[in-house]
Ligand SMILES: [Zn+2]
């Protein structure tokens, strides 16, 4: 058994209030007891100064996009021209370079306080769409990368079959690497993966309504139902997607996904930026989730997601770092609230305690880990400690620590991260990986 003494800890209170002197007893990968109010540090306990919160969950990631950071933001361009740059990178990856890059990107996530990632994975095959001898070699590279980096993963294996909504839209040469040919073959490949473990779960994803037609969506939804697995999809990130879907099929992307059986408690709409009133009603009725990725959405000029409406409808919200323009959970969280302030001229839609739930329990539920994202007996021992010693947080009011974290902390303030009972980050240092060096080496090799 390991014992941790937390100077302060957030035990899930919706009003954001913190407990002081919290003892966490951990056996194996689980928390067994949580005891607040312990003034004296017990002998042998690991002291965690600062604020300890449940491990944060990165609900939406494409690991390889990390190699685009700093290379794609300065020009005018659009989402669509950014996508061409992303395809150039995708064309260069193979299982070895992908694993090296993903290991470094996942390690950066743990350093930033994330303990779990939803990897939305669509780069399945070799160049030209030729299958590797093991058709799941790229999936395995990501799962191996997560294990080396020390992060829990839900591999959201993504179905991607066509290049657009127009009938017979030919796949771009890079897009051929994403396609399994048809949805049934996608399902057979995912069934063959079969690698779930204490730190790995497999979920499904529909890349978007542009990339999978109605019957394909139904097949992916059936796979998710059969396996009781999460199902995610990019939805209405750009107005053009809505316009094309309405023009070709006469329904919105959300309506199409609902008609084919995708929406429900296991479904997460990623972005959900441009929704109609009926789209909102469908998410509320089906108890679906929405994953907001503010740093990516602002970088790509997508727009500001309707989180005020989602919140009032009771639709759970999660966060994702998506394109990894930044990997900083605090930056994503405060952007949810601050974007609404700019949009609505009103402060305080999303309260700090509620935003911590967005980053923790909501994210864990969305990725199929209902026993993570909580500091509670029986929960997985995933937690993150934020130091209060930095220039950003020094002098924080002990009665307002949650607000200080959400509105003033940065990823650099994360000092200790435990995943499945193992200390992956201690004193701000990843225990097994030189993360800047790994990023530099793996990204440099791709652009050489
Ligand atoms: Zn994405």
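Every read-out reported here was derived from the displayed coordinates using simple, explicitly stated rules and does not represent laboratory data. Being a predicted model, the structure only gives us computed values, none of them experimental. Reconstructed Cβ throughout: ideal geometry from the backbone, glycine too, with neighbour counts over all protein chains shown.
Values for this structure:
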read-out	value
Region 57-168: C-alpha gyration tensor shape, a/c 1.5 cut-off, then a/b vs b/c	oblate
log₁₀ of I(q)/I(0) at q = 0.14, 0.22, 0.25, 0.26 Å⁻¹ - region 109-154, Debye sum with one point per alpha carbon	-0.39, -0.76, -0.87, -0.91
Rounded, prolate or oblate (a/c below 1.5 giving rounded, otherwise prolate when a/b exceeds b/c) for region 175-217 by Cα gyration tensor	prolate
Isotropically averaged projected area of region 308-378, using the convex hull of Cα atoms (one quarter of hull area), nm²	5.5
Where only alpha carbons of region 150-193 are counted, the Rg and the Dmax (Å)	12.9, 43
Relative contact order of region 336-385, pairs being alpha-carbon contacts under 8 Å that are 6 or more residues apart, as %	18
Convex hull volume per residue in cubic angstrom - Cα atoms of region 72-130	118
Helix axis angle, 277-286 relative to the chain longest principal axis, alpha carbon, degrees	60
Percentage relative contact order, the chain, counting C-alpha pairs under 8 Å, at least six apart	22
Estimated D of region 1-97 in µm² per second, where Rh is the Kirkwood radius over Cα pairs and Stokes-Einstein applies at 25 °C, 0.890 mPa s	141
Hydrodynamic radius by Kirkwood, which averages 1/r over all alpha carbon pairs of region 216-266, in angstrom	11.5
Convex hull per residue volume in Å³, alpha carbons only, for region 306-448	160
Kirkwood hydrodynamic radius (C-alpha pairs) into Stokes-Einstein, region 398-442, 37 °C and 0.692 mPa s, D in µm²/s	264
Residue-averaged [θ]222 nm for the chain, counting only DSSP H segments that reach four residues, each worth -39500 (n - 2.57)	-10000 deg cm²/dmol
Residue list for region 198-222, given a label point 7 angstrom along the Cα-to-Cβ vector of residue 184 and an amide N cut-off under 17 Å	213-222
Residues of region 330-362 with amide N under 14 Å of the 7 Å Cα→Cβ point at residue 407	334-342, 346-355
Three-way shape call for region 238-353 based on the alpha-carbon gyration tensor, with the a/c threshold at 1.5	prolate
Whole-number Å³ per residue for the convex hull built on Cα positions in region 354-427	102
Per-selection Kirkwood Rh - the chain (Cα, Å, 1 d.p.)	21.9
Spread of Cα-to-Cα distances over 5 Å intervals beginning at zero, given as percent, for region 124-178	4, 19, 20, 20, 16, 12, 6, 2, 1
Relative compactness, region 342-389, computed as alpha-carbon Rg over 2.2 N^0.38 Å	1.46
Cα-based helix-to-principal-axis angle, 79-90 vs the chain, degrees rounded to 10	80
Pairwise label distance in nanometres, residue 195 with residue 447, each label 7 Å out on the Cα-Cβ vector	2.8
Virtual spin-label span in nm between residue 140 and residue 246, 7 Å along Cα→Cβ	4.7
Using a Förster distance of 35 Å, the FRET efficiency for residue 35-residue 312 (Cβ separation, nearest 0.05)	0.45
Region 1-71 - percent relative contact order, Cα under 8 Å, separation 6 or more	34
0 to 90° range, to nearest 10: angle between helix 95-111 axis and the chain longest Cα axis	40
Residues of region 181-207 with amide N under 18 Å of the 7 Å Cα→Cβ point at residue 130	181
Translational diffusion coefficient (Stokes-Einstein; Kirkwood radius from C-alpha pairs) of region 192-249 at 37 °C, 0.692 mPa s, in µm²/s	254
